[in-house]
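Encoded as structure tokens, the structure appears first; notes follow it.
The values are calculated or read from the model by the stated rules, or taken from the named source; none is laboratory data. Note that the structure is predicted; figures quoted are calculated from it, not measured. Neighbour counts run over all protein chains shown; Cβ positions are idealised from the backbone, glycine included. For the accessible areas, the whole protein counts, side chains as well, though only heavy atoms, and no ligand, DNA or RNA atoms are used. Shrake-Rupley method; radii C 1.70, N 1.55, O 1.52, S 1.80 Å.
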Amino acid sequence: MISPLYIRSARAISAQESFASNDLSKEIRSITGNRFVYIEPNYQQYFTIMQLRRMSRLTRIGLVTAIECLKDAGISQPEAILTGTGKGSLHDTEKFMHAIREFQEGTLNPSPFIQSTYNSLNGLIGLHHQVNSYNTTYVHSGFSLEHAMLDAALLFGDNTIGNALIGAFEEMTDEHYIIKEKLGFWKNGAVSGEGCFFFYAEKDKNGSALAIEDIKLWFEPEENQIRQGLEELLSSHQIDWNDIDVFISGRNNDKRYDHYYNLVADKLPSSTHHIHFKHLSGEFDTAAGFGIWAAARMAEMKRIFPSLLLKEGSRDNIKHILFYNQYYGKQHVVYLMKTTA
Amino acid sequence: MEDFKRILKLQIIEALNLQGMQPEEIDDNGPLFGEGLGLDSIDSLEMIVLMERNYGIKIEDPREGRKIFESITTMAAYIQANRKK
Amino acid sequence: MSSVFITGIGIVSALGIGVRAQREKLVAGISGLKSAHFLNSIHKTEFPFGEVPYTTVELFSTLSDRGELQQSRLQALGALALEECLSSCSTPSGFIRQGLINATTVGGMTDIEDRYFELIQPGILDGDTDWASGLDCATGTEHLARRFGLTDFMTTISTACSSSANALQYGARLLQQGHLDRVVCGGVDSLTRFTVNGFNSLKNLDKELCKPFDVNRNGLNLGEGAAYLVLETEKGLQLSGNHPLAILSGYSNFNEAFHPTAPSPEGVGAFEAMKRAIEKSGLEPAAISYINAHGTATLNNDESEGRAIRRLFGDSIPPFSSTKEYTGHTLAAAGAIEAVFSVLSLHHQEIYPGLNFTTPIPGIELVPAKEYQQTTLNHILSNSFGFGGNNASLLFSKYD
């Protein structure tokens, strides 16, 4: 059990038109090649030339997403900033590696090095909003966002803070795409993606449409462990499989991993809606953020985005949402969420 | 000298990634750091790179750099006097 | 909140492999800083480094069982520290929930950067590329977790130079709120061309031995290493029968919004981090017996940290020093390495001498402890501050 995270606002920059409208009402964009590339907003309205000068592709969208997320919640200074990212600003890491080689370790531009640091976006958000507070970054692949969430819940639990800005950010580059290709990431149907997601969460319910009630994490689990863990999760919240109105799964078209999601789907009644999201975002370490964003927005708007439906159920009233994602069989995460309206 | 200052401004705009800024917006004698253009210690390091790559001038101590980079005028004069390429 | 007990420690640094090797050098005031041998960089003799004095192959051969670890200096260092850490205390019998909270700034970069440009060529190295996964910060942690049976719960933190201090804080929270019964926290970083050139581009590497809190300080020396600590609750102690080495009695993370790399001159973040860590323990600043300062010897850090110490402790400043003169700045490992040093100080009731200091910074006038001394130590504050304004302070207390 965790101290619930009451989501007051959620924002996403993704390969879909998810940012300006903050929903998925626009026409769905299909993939070009084997990569979903996020749509960048117009930065001019957010930043001066001086502010933009050192921000790279990912830190720009990260900061814009955080700005709008806080604006939606009417908050200027959250009490903590927690993020998760698998790879951080890859463009900067690569740029610096190339510079080391090109200039043979001579005098190098420091900016890519600074921005390659995984917590640089956190620092920038803090600077932009003048937030002096708790601030941390988790960099554990498919667990990154979840530890940011869990840590925020712990900080709620011991009354260190009453609210937090929580987010995830990821980008793909040409070079890293090749590396992941060699590592076999795209061999069996999954396509590459990227995106940035921010959530403003409070310890108290006021004004939120969705609560993250619990988070479970398993590393390379046996199927039995997942089964048992899910049963325990539901019973500890005094609900059963029939209470789940929406199941959100991280299916990524890689058939090797479908059996995990089937474990859950097979337990659910036919009236439960089954939703997926990676067909619109692509696969990446923190892709779960897109699914959580969708859950938060659907809870707020009290409707299911049709483009996410994998199997339509019959429930009109959405209360309990079960979210299950796994990243290449290694990191498995489950969120139990509840609409509060 | 006026032409050189304009070239230098363009180089600074590029080196510091001041996208959309025009050379005319940078005052020849105004301070580059702090209240003027608003550059900071990281920009100073970026300009040290510019000095070495474009003019062959090595600056080891960043504190020395801050004096040279006081304004476009001081910077241009220093480059003219010390350039190796 | 329940107390958090430290029951196991393990460490590798430029001072050597293991707790005993560290303490011998610390007591004798012998630094591990010198030219690097194994670092693949043109700068390896230009600056002093806190390099662990063994090749990666030698490091692996020191391990009792390498298991499935990758050919990675990061993993070798991490495994050596974890092996010592876990063998220094007993594992509770029966079912317990345990975790590994790791920290790193660049993951397995050391072993990847030499082959990176081949890796990104399509068509080359299509065969066995598992090693390339080491670029990911999670990969090292996962290999270590598998090797040491800590796969129930794990994560990796990266907040630059405060990373492993934050790992200890997260671990403490997980214990105190009942999510885990036992947690191993720490961090690891190996020297890389990437980081060396990064700090060199910031012009804050000293070509001489670093001089923390000295007016003539001129930058830091980079180091490498790993350290882990076992944290348990009261309930965990009953199960394990371990005798605590020390208590983690307070902790705080406070990010100051000042500048992407530089701390504020007044040390707002450092001040708040220390103040809040002390507050969390329920103590007063006057109770602090010693401060293991961040003390990197960069122009900015020592001035702002010094001012923060002045402001917090006023005229009764406890003895303090930085141990970066021994190990170099080990980045993500620094918080955990210095946590181990703090535990050692408490356990042996001794202060290790600060090195290379002659003249205080005017206006701050702080003089670090310069002699080895045995004295009564009850509470030690350990600072770790990083890029982006990320400031972490840990407070360790003597266990009676």
What FRET efficiency would be calculated for the residue pair B:Gln80, C:Thr62, taking the C-beta separation as r and a Förster radius of 41 Å, to the nearest 0.05? 0.10
Principal axis dimensions, largest first and in whole angstrom, of region C:4-240 by Cα: 54, 52, 31
Answer check: region A:5-202, Cα atoms, Kirkwood Rh, Rg/Rh ratio of 0.98
Could you please put A:Lys330, B:Lys67 in sequence from largest to smallest accessible area, using a 1.4 Å probe? B:Lys67, A:Lys330
For A:Asp316 the rounded accessible area (nearest 10 Å², probe 1.4 Å, non-protein molecules ignored) is 150
Karplus-derived 3J(HN,Hα), 6.51/-1.76/1.60, for each residue of region A:237-249, Hz, glycine and proline x: 9, 6, 9, 10, 3, 5, 7, 6, 8, 9, 10, 9, 10
Helix-only [θ]222 nm of the protein assembly as shown, DSSP H runs n ≥ 4, -39500 (n - 2.57) each, per residue, nearest 500: -10500 deg cm²/dmol
Cα-based Debye curve of chain A sampled at q = 0.10 Å⁻¹ gives log₁₀ I(q)/I(0) of -0.56
At most 16 other Cβ within 10 Å, DSSP loop - trypsin sites (Lys or Arg not before Pro), region B:1-65: B:Lys58
Checking an interface number: how much accessible area is buried between C and B, summed over both chains, with a 1.4 Å probe, in Å² rounded to 100? 600
In sequence order, what are the phi-derived ³J(HN,Hα) couplings for region A:208-218 according to the Karplus relation 6.51 cos²θ - 1.76 cosθ + 1.60 with θ = phi - 60°, rounded to whole Hz, with x for glycine and proline? 9, 9, 9, 10, 8, 8, 7, 9, 10, 10, 9
Measuring with a 1.4 Å probe in the full set of protein chains, what accessible area per residue, in whole Å², belongs to region A:179-313? 37
Return a whole-number percent for the relative contact order of chain A, with Cα pairs under 8 Å and 6 or more residues apart as the contact set. 25
When the accessible area of the protein assembly as shown is computed with all protein chains present and a 1.4 Å probe, what percentage of it is carbon and sulfur? 48
Rank-order A:1-7, A:264-270, C:86-92 by packing density, defined as the average count of other C-beta atoms within 10 Å over each peptide's residues, highest first. A:1-7, C:86-92, A:264-270
Stretched out fully, how many nm does the piece from A:His237 to A:Ser76 gain, at 0.36 nm a residue minus the Cα gap? 54.6 nm
Amide H of A:Phe19: which non-local residues (sequence gap of 5 or more, or other chain) have their own amide H closer than 5 Å, using H built in the peptide plane? A:Ser14
Size of the dipole of region C:189-305 about the Cα centre, Lys and Arg at +1 and Asp and Glu at -1 on the beta carbon, nothing else charged, in debye to 20? 220
Subtracting the Cα-Cα distance from 0.36 nm times the residue separation, let me have the gained length for C:Phe95 to C:Ala287 in nm, one decimal. 65.3 nm
List every residue whose amide H lies under 5 Å from the amide H of A:Val191, counting only residues 5 or more places away in sequence or on a different chain, with H placed 1.01 Å from N in the peptide plane. A:Glu283
Averaged over the residues of C:168-175, the number of partner chain Cβ atoms within 10 Å of each residue's own Cβ comes to 3
Peptide C:75-87 - average C-beta neighbours from other chains (10 Å radius): 0
Could you compute the net charge surrounding A:Leu230? Neighbours are other residues with a C-beta less than 10 Å from the C-beta of A:Leu230; K and R count +1, D and E count -1. +1
For C:177-189, mean number of other protein chain Cβ atoms within 10 Å: 1
Just give the residues from region A:177-208 buried by at least 50 square angstrom of accessible area in the all-chains context relative to the isolated chain, probe 1.4 Å, and say none if nothing qualifies. A:Ile178, A:Ile179, A:Lys182, A:Leu183
Quick one: Cα convex hull volume of region A:262-341, Å³ per residue? 94
Highest to lowest packing among B:29-41, A:173-185, scored as the average C-beta count within 10 Å: A:173-185, B:29-41
If you take the accessible area of C alone, add that of A alone, and subtract the area of the pair, what total do you get in Å², probe 1.4 Å, to the nearest 100? 5300
Over chain C, with a Gaussian network built from C-alpha contacts below 10 Å, which listed residue (C:Asn204, C:Asn102, C:Asn390) shows the highest mean-square fluctuation? C:Asn204
Would you work out which of B:Leu16, B:Pro31, B:Ile79 lies farthest towards the positive end of the dipole of chain B? Charges go on Cβ: Lys and Arg +1, Asp and Glu -1. B:Ile79
Kindly report the accessible area of chain C per residue (heavy atoms of protein chains, probe 1.4 Å, no ligands, DNA or RNA), in Å². 31
Mind grabbing the interface size between B and A? I mean buried accessible area, both sides, 1.4 Å probe, in Å² to the nearest hundred. 1400
Could you pull the Rg and Dmax for region A:1-103, using just the Cα atoms, both in Å? 16.5, 53
Per-residue HN-Hα couplings for region C:14-26 [Karplus 6.51, -1.76, 1.60; θ = phi - 60°; Hz; x = Gly/Pro]: 4, 7, x, 9, x, 4, 4, 4, 5, 5, 4, 6, 5
Find, among the GluC sites (Glu not before Pro) in region A:189-262, those assigned to loop by DSSP (not H, G, I, E, B) with at most 15 other beta-carbon atoms within 10 angstrom. A:Glu222
Under 5 Å between amide hydrogens, which residues at least 5 positions from C:Leu222 or on another chain qualify, with H placed 1.01 Å from N in the peptide plane? C:Gly50, C:His329
For region A:210-339, one quarter of the surface area of the C-alpha convex hull, expressed in nm², comes to 6.8
What value does the protein assembly as shown have for Rg/Rh, both radii from Cα atoms and Rh as Kirkwood defines it? 0.96
